[in-house]
Amino acid sequence: MFCLYKTRVYLLFLVTVFMVLFFLVSSQLNASNAGFLKYAVIADFSASDIKQLQEEYIQVLKSNSPGDIHSWGNNKTKNGGEITVIKRYRQNDTECKRLKFKNQSASQSAISYFNFCLIEQQWKLVN
């Protein structure tokens, strides 16, 4: 009985690991999805904050140069921050930018860095 239980737990563990690896390998995050920031300070952000943040960093990716600091804020919630282009570079002949996100809510603030590349006419999060 104990051996059967160990086998079932082990199989469940393997399936879980496989599913996590499959998700990590198969998913490419589109820059218009702020899900990659979900463990940062934006966990405190409202839906309107997140929508505004998405619009702001897409605009930064399209228009800003290294060193440019773009401030944003939601007057209703008082949440906001800064988005800075840290550098522009090429990866496999693809235009890429590294962004610094400095976000602030009423209860916390955080700084995060993410790389994006222009893939098939869309900015996508890359490693």
Positions within segment 68-109 being among the hydrophobic types (A, V, I, L, M, F, W, C) and in a strand (DSSP E or B), in sequence order: ILE69, TRP72, ILE83, VAL85, ILE86, CYS96, LEU99, PHE101
Selection from segment 48-77 of residues that are surrounded by 12 or more Cβ atoms within 10 Å (Cβ to Cβ), within 13 Å of LEU99 (Cβ to Cβ) and acidic (Asp, Glu): GLU56
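Filter segment 88-103 down to the residues that are over 16 Å from the mean Cα position of the chain (by Cα) and surrounded by 14 or more Cβ atoms within 10 Å (Cβ to Cβ) and list them by number.
GLU95
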Filter pass, SER65 being of a type in the set (Ser, Thr, Tyr), outside any strand (DSSP E or B) and modelled with pLDDT of 90 or more: yes
Selection status of SER112, at pLDDT 85 or above, surrounded by 12 or more Cβ atoms within 10 Å (Cβ to Cβ) and either among the hydroxyl-bearing types (Ser, Thr, Tyr) or part of a helix (DSSP H, G or I) (or both): yes
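The values are calculated or read from the model by the stated rules, or taken from the named source; none is laboratory data. Source: prediction; values computed, not measured. No Cβ is skipped: glycine too gets one built from the backbone with ideal geometry, and neighbour counts run over all protein chains shown.
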